[in-house]
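The values are calculated or read from the model by the stated rules, or taken from the named source; none is laboratory data. Everything quoted here is computed from the prediction, not taken from an experiment. When we count neighbours, we look across all protein chains shown, and the Cβ atoms used for this are built from the backbone with ideal geometry, even at glycine.
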Amino acid sequence: MMSNSKARVVIRSFILLSTIWTTICVTTVMAQREYTVVKPRERAANETVTASRKASVGTKGVLVVVLDPIIAGNVAVYDSKGKVVEEGKADGESGQVEFELRRGQNYSVKATFPGYLSARATTGAIRASNTIRIKLNAQYARLELPGLPQDAEVFIDDKLQARADQKEFVLLDNLVPGNHTLLVRHPEYNDYRVPLGNLVAGSEVRFFPIKTILVRVAKLTFEGPAGANILIDGAFKGRISNSGSVQIDYQVEQAAEHSISAELLGYQTWSIRQLLTAGPKTISVKLDPIVTSAGVTDFFDNLSLWESPPEWKIQSDARNKRLEIKGEKIGYVKGKTYRDFQTNFTIWLNDGKGATWVVRADSKGMNYYLFHLSGPSSTNATRNRFYTYLVRDGGAPVEVSTPIPLLVDLNTKTSYTISVNVQGFMVKHTITSNDTGETNDLGIWTDTTDTKEKFLYGTFGFRSLFGESFIVDDFSLEPISVK
């Protein structure tokens with residue numbers, strides 16, 4: 001038979017190994033998520049337990065109360081009249097607590113622990129050493145949340161359960177077994193939501209300090225027209241819902257000004273500079289509708305209708321005035337905004353290199369569609385082809401479609417009528433020889449890029465793409481009603 005001293009060594013060694021194994025498991029789990037789930041160790045049926053001390057006087061004996069599972073439960077000892085004579089708390093590592101009691105007396109013992117049903121046992125007559133084992137049955141699961149911001153609210157399955165006080169700690173010991181979701185909410189931090197999985201009775205969910213998980217944010221509520229896109233510092237952050245608002249958590253390390261804008265098809269872009277700090281803020285978005293302009297007609301007596309570069313010149317002869325286009329800078333009809341429209345104009349290919357025009361240019365001439373008709377003398381593009389480009393933020397033109405071969409015979413002596421029909425994201429072109437009356441369909445190009453909605457409004461213009469010089473006359477533009 002094993003001696004008492006050897007039994008104590010075996011028990012303590014087993015507890016130590018269990019603790020080490022639990023620590024290893026917890027470390028592994030925490031590397032994967034912000035919490036770990038543990039359950040107190042159940043005792044072996046034949047586990048030997050002895051008192052760690054002897055009674056201080058001969059008239060007393062030592063009662064060893066052993067809890068199963070091993071938990072730091074509260075233990076109260078009652079005499080035969082039901083009066084509490086001793087109270088103590090079991091050691092968290094051994095689940096054991098000891099009392100000195102009068103020999104020969106009978107006592108009852110009650111053990112309690114949050115989340116467990118209380119349990120009782122009787123001692124029988126106390127001798128020099130008595131041991132009783134009390135089995136507690138788990139009823140609930142426990143949740144430990146350390147390191148919470150003060151006043152943080154804790155929700156289980158979206159129902160408020162607790163609010164963190166100055167101790168920044170919340171313990172919930174009454175979770176009904178099953179699947180649950182935790183939500184931690186604070187005015188100055190992001191909402192933290194995580195599923196807790198299928199919890200069994202007696203299990204404990206232990207979190208890292210929550211402040212190491214949360215991020216300080218400005219909790220922004222935008223109120224405005226449904227469908228408006230909200231951008232902060234140029235990056236899309238959310239869209240106003242049909243209810244007329246959207247909530248956005250925006251991370252802020254410290255108070256700082258940020259650019260906030262809203263975009264909605266059919267409206268002018270709205271923008272402000274706003275100081276953002278951690279906490280709630282409501283921002284009202286006010287969008288003004290884009291008003292499309294009336295049509296224009298120009299026979300180029302002068303350039304009063306145009307925002308024109310210095311290279312543009314009015315050519316005059318005895319019968320007519322015409323516009324000569326030179327230079328790579330864009331010129332456009334000023335103060336006008338169109339969505340869908342039909343435009344017609346006549347061109348002559350002065351040097352045979354081609355002609356270039358601009359569709360839906362923004363108010364600064366930085367973003368637009370660009371179409372180039374490559375002439376018979378072109379040196380920078382394949383001759384007698386029709387090219388489509390996209391210009392963003394004043395950058396270099398980006399080719400966005402396969403060049404279309406021309407069936408009409410281009411030359412420097414003939415004039416050509418260009419017709420452009422713009423509807424939605426589609427642009428249709430035709431070219432007609434004014435000598436032969438032959439019309440060539442240049443196809444329909446449809447904008448399918450991610451930025452297409454930024455090009456739904458703008459004005460019309462011209463520029464030289466590859467150093468070409470060409471003549472324009474008989475310009476007309478009429479808006480098409482959007483149904």
Point to revise | Subset of the stretch 44-85 that is more than 16 Å from residue 134 (Cβ to Cβ) and among the hydroxyl-bearing types (Ser, Thr, Tyr) - its residue that is farthest from the chain's Cα centre (by Cα) | key: 59
Review point. Any residue at all in the stretch 84-91 that is surrounded by 15 or more Cβ atoms within 10 Å (Cβ to Cβ), in the same structural domain as residue 203 (by TED's automatic domain parsing), under 23 Å from residue 203 (Cβ atoms) and not β-branched (Val, Ile, Thr)?
Key: no
Check your understanding: Going through the stretch 431-466 one residue at a time, which ones are assigned to a strand (DSSP E or B) and crowded, with 16+ Cβ neighbours inside 10 Å?
Key -> 431, 432, 433, 440, 442, 445, 458, 459, 460, 461, 462
Study note, to complete from the structure: Considering only strands (runs of 3 or more DSSP E) wholly within the stretch 218-278, the ones with at least 3 residues that are among the small types (Gly, Ala, Ser) and either under 26 Å from residue 425 (Cα atoms) or free of Cβ contacts under 8 Å to residues at least 60 places away in the same chain (or both) are 256-263
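Conditions (1) at pLDDT 95 or above; (2) over 45 Å from the mean Cα position of the chain (by Cα); (3) not assigned by TED's automatic domain parsing to the domain that holds residue 458; (4) not aromatic (Phe, Trp, Tyr), marked per residue:
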site	(1), (2), (3), (4)
383	yes, yes, no, yes
389	yes, no, no, no
394	no, no, no, yes
397	yes, no, no, yes
406	no, yes, no, yes
416	yes, yes, no, no
420	yes, no, no, yes
426	yes, no, no, yes
431	yes, yes, no, yes
**Study point:** Conditions (1) modelled with pLDDT of 95 or more; (2) under 60 Å from the mean Cα position of the chain (by Cα): number failed by residue 114
**Key:** (1)
Review point. Within the group 393, 351, which residue is under 26 Å from residue 423 (Cα atoms) and part of a loop (DSSP other than H, G, I, E, B)?
Key: 393
Study note, to complete from the structure: Quick count over the stretch 184-202, residues being in contact (Cβ under 8 Å) with a residue 40 or more places away in the chain and in a strand (DSSP E or B), is 7
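To keep it simple, each residue is scored yes or no on (1) under 40 Å from the mean Cα position of the chain (by Cα); (2) among the hydroxyl-bearing types (Ser, Thr, Tyr); (3) closer than 20 Å to residue 331 by Cβ.
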| position | (1), (2), (3) |
| --- | --- |
| 410 | no, no, no |
| 440 | no, no, no |
| 452 | yes, no, no |
| 463 | no, no, yes |
| 477 | no, no, yes |
Exercise for review: Of the numbered conditions (1) under 30 Å from residue 474 (Cα atoms); (2) modelled with pLDDT of 95 or more; (3) outside the structural domain of residue 332 (by TED's automatic domain parsing), residue 300 fails exactly one; give the number of that condition.
Suggested key: (3)
Review point. Which condition number does residue 98 fail, the rest of (1) out of contact with any Ser or Thr (no Cβ under 7 Å at 6 or more places or on another chain); (2) within 20 Å of residue 55 (Cβ to Cβ); (3) modelled with pLDDT of 95 or more being met?
Key: (1)
